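Here's the structure we're looking at; comments come further down.
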Amino acid sequence: MTSEHQSWGRFPRVSRQAAHPVVWQTESLPVSSGPLLPHGLGRSYGDSCLNEGGTLLTTPTLDRLLGFDVATGVVRCEAGVSLDTLLRLVVPRGWFLPVTPGTRFVTVGGAIANDVHGKNHHRAGTFGRYVRRFELLRSDGSRRVCSPEEHRDWYEATIGGLGLTGLILWADVQLRPIHNPFVLTETVPLENLDAFFEVSRESEPDHEFTVAWLDGLARGRRLGRGLYYRGNFAPPQLEGLPLRKSHLNRASGLAVPFDLPGFSLNRLSVAAFNWLYYRVNLLKRGARLQHYDPFFYPLDAVQRWNRIYGRRGFFQFQCVVPHATARDALRELLERSAREVPSFLNVLKTFGSVSSPGWLSFPRPGVTLALDFANRGARTLRLIAELDRVTREAGGAVYPAKDAGMSAENFAAYFPQLERFKPYVDPAFSSSFWRRMTSASAVATSPLALGQGTGEGVGVPAAVPL
Amino acid sequence: MKKVLVLGATSAIAQATVRLLAARGAALYLVGRNAANLDVVAKDAATRGASKVEQQALDLDDFSAHEALVERAAQALGGLDGALIAHGVLGEQKACERSWTETEKVLRTNFLSAASLLTALANRFEAQKAGTLVVISSVAGDRGRQSNYVYGASKGALNVFLQGLRNRLARSGVAVVTVKPGFVDTPMTAHVPKNKLFASPEQVARGILRAADGRKNEVYVPARWALIMFIIRSIPEGIFKKMKL
């Protein structure tokens, strides 16, 4: 029951970690010698969903739908309900998630705790904005219904609060109406980074969903070469559209059956993938109608796709940099990543100015870049540290849900409301990430130094040949 | 099954089955011990599309309440054409060996209370000459083993009771379905280390509805347990009694 729960990036690995399934809202929290941490479907990439030496309160067993008002589009469900379950319930009745990340396999509790964002951030802001109320259970047994009107401080601390303020039991989420399950999408080729800014400016006023994929190996004049996707939910007149099989929800049987060997993702194969992806999708340029599923959740079609990175796992790095410094910072981030270790998937998108109620919410106005790197040990950690530094100097921030390498000092700089947040952390709760970010030990502030016997439950060392 | 009485509705297997029934638009009468937990299960069923959900918190070890319960459920749903008996306890073998009180508890909940409920249900279904009785038993009832023979005996007795009932009700067109799950990953088995033989409650729930729809007699879910239990039943007693199972 210990090491079954890893993060999506499968790094760092944890060994001493217990799991306690939460089945009923009426239960009290278990008494445990180590700290507690809620854990949903484990789609966080780094160590924010891990609790080395402690106990995970696993919530996929807390998964009841408690009510759905088809007239107002408010759904109430327990925290372990997945977005996948919600979509199956609400889409046939003309509603959709107000904000969705790139996978359906996250829980509502996780979406709140990480205040997730989607391709519509420039319009809609984060998931947390649509959470009307939720109930929080603390380790002292107290239960609070939190909303902008009741226990507002707890409401704001818990949205984006990384699961540290207590266990969310249920939540009310405001959905958005749709006419049908289709999205009108358009693919626009981007020659370079400048083109991204231009196409973004021109697309955002008329398109609810925007995101760009970049070729991680394009350099020089071609740096930032990629494809820009923009779309809107289809209008009502398409309702009588004949359904083709490809339009229906794909119950994909495709899965990565085992860890691919490390060498299968080398510079050559990543280059080949990027080239092929660019060419194939270039053919699809122009407007077309697409079912929401492949549009929002392309990677969900391949179960356990994280195994392509092999046993040693991979790092995600996602940062946001303010508009003022974005051009230079992105250029440097992309150049460094292209030079050092090729990133498999590079995603670029602008964040709008719609603010979140959450104190530790990651999205803020600017441009966000997501990169991923196969774990090659110290070399990759060094690169992450560099990217972290560039982000800090540009006045940006790194996303905790995708982090396994930022420094504690930078974390405090990225989240200026950190001190305000700290008193709201449940004394019995913690995570591997939280200890890494708040440990007094100076050693822990540098990811390169991890593993030099800082003791207490740091899972990094075993996996990093230094 | 369109109008179904579910006994032990807060058990993991029953909950998963209730979800499938709700998605079909069935009307449900849910019974469980804990009122608050039963309430969220009822809300879940209603949200997932059940045409009607009624609930009653009740300890099924109180046999005297059974007749009235069945009557009330039938009234609430405007008739009954299905019942799922899903309540049960695993008990603790070692504690049962030390104490008759513990042993009796397991036999009361798993066998006696089911037999009492089935008596009320069978008479109603026989009179209306229609309906499906689905009872969750266990592979543990197929052969007594030192590691859980008290639980096994409660399920074995249940199996024989159901055989007889099936024989009696065949003429009336009432189906009696004995479901024998193997290991299931539920809170009942939370303390047991999991292996490849464990099935999910959802998997078992699909098997239960398939068996109910097909008006089967006895089914193993997942089906591989039919083979496993065939082998275990085939071991001669002289050898079996020396084995550690």
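For B:Leu77, are the conditions met, namely being away from chain A (no Cβ under 14 Å) and over 20 Å from the mean Cα position of the chain (by Cα)? Judged against the criteria, B:Leu77 is a match. Taking the criterion of being surrounded by fewer than 22 Cβ atoms within 10 Å (Cβ to Cβ) and of a type in the set (Asp, Glu), the residues of the range A:147-175 that qualify are A:Glu149, A:Glu150, A:Asp153, A:Asp172.
Looking across the range A:59-114, just one residue is open to solvent by 10 Å² or more (accessible area, probe 1.4 Å), without any contact (Cβ under 8 Å) to a residue 24 or more places away in the chain and in contact with a helix residue (DSSP H, G or I) (Cβ under 6 Å, 6 or more places away or on another chain), and that is A:Gly67.
Could you tell me whether the range A:119-128 includes any residue that is among the charged types (D, E, K, R), under 19 Å from the mean Cα position of the chain (by Cα) and farther than 20 Å from A:Trp24 by Cα? Among the residues of the range A:119-128, at least one is among the charged types (D, E, K, R), under 19 Å from the mean Cα position of the chain (by Cα) and farther than 20 Å from A:Trp24 by Cα, which makes the answer yes. Out of curiosity, is B:Leu69 surrounded by 18 or more Cβ atoms within 10 Å (Cβ to Cβ), touching a residue at least 24 places away in the same chain (Cβ under 8 Å) and in contact with a strand residue (DSSP E or B) (Cβ under 6 Å, 6 or more places away or on another chain)? Considered against the rule, which asks whether it is surrounded by 18 or more Cβ atoms within 10 Å (Cβ to Cβ), touching a residue at least 24 places away in the same chain (Cβ under 8 Å) and in contact with a strand residue (DSSP E or B) (Cβ under 6 Å, 6 or more places away or on another chain), B:Leu69 comes out as no.
If you go through the range A:338-358 one residue at a time, do you hit one that is surrounded by 23 or more Cβ atoms within 10 Å (Cβ to Cβ) and more than 22 Å from A:Asn192 (Cβ to Cβ)? For the range A:338-358, residues surrounded by 23 or more Cβ atoms within 10 Å (Cβ to Cβ) and more than 22 Å from A:Asn192 (Cβ to Cβ): present. Hey, can you tell me all the residues within the range A:118-146 that are buried (at least 16 other Cβ atoms within 10 Å of the Cβ) and in a loop (DSSP other than H, G, I, E, B)? Within the range A:118-146, A:Gly118, A:Lys119, A:Asn120, A:Gly125, A:Thr126, A:Arg138, A:Ser139 meet the criteria.
Look at the range B:163-191: where a residue is within 14 Å of chain A (Cβ to nearest Cβ) and a partner is open to solvent by less than 10 Å² (accessible area, probe 1.4 Å) and assigned to a strand (DSSP E or B), sitting 6+ places away or on another chain with Cβ atoms under 6 Å, you get B:Val184/B:Ala199.
Tally the residues that are within 13 Å of chain A (Cβ to nearest Cβ), of a type in the set (A, V, I, L, M, F, W, C), in a helix (DSSP H, G or I) and open to solvent by less than 10 Å² (accessible area, probe 1.4 Å), restricting the search to the range B:20-49. Qualifying residue count, the range B:20-49: 5. When B:Ser172 is tested against (1) crowded, with 17+ Cβ neighbours inside 10 Å; (2) touching a helix residue (DSSP H, G or I) at 6+ places or on another chain (Cβ under 9 Å), just one condition goes unmet, and that condition is (1).
Does at least one position in the range A:394-405 carry a residue that is more than 30 Å from A:Ala124 (Cα to Cα) and open to solvent by less than 20 Å² (accessible area, probe 1.4 Å)? Within the range A:394-405 (the criterion being more than 30 Å from A:Ala124 (Cα to Cα) and open to solvent by less than 20 Å² (accessible area, probe 1.4 Å)), the answer is no, since none of the residues qualifies.
Residues in the range B:50-77 that are acidic (Asp, Glu) and in a helix (DSSP H, G or I): B:Glu67, B:Glu71. Tell me which residues, restricted to the range A:54-81, are within 13 Å of chain B (Cβ to nearest Cβ), of a type outside the set (Phe, Trp, Tyr) and assigned to a strand (DSSP E or B). Scanning the range A:54-81 gives A:Thr58, A:Leu65, A:Leu66, A:Gly67, A:Asp69, A:Val74, A:Val75, A:Arg76, A:Cys77, A:Glu78. Only residues that are open to solvent by 20 Å² or more (accessible area, probe 1.4 Å) and touching a residue at least 60 places away in the same chain (Cβ under 8 Å) were counted in the range A:377-392, giving 2.
The values are calculated or read from the model by the stated rules, or taken from the named source; none is laboratory data. Worth saying up front: this structure is predicted, and the values here are computed from it rather than measured. Neighbour counts run over all protein chains shown; Cβ positions are idealised from the backbone, glycine included. The protein model used for the area step is the full one, side chains on, heavy atoms only, and it has no ligands, DNA or RNA in it. Shrake-Rupley method; radii C 1.70, N 1.55, O 1.52, S 1.80 Å.
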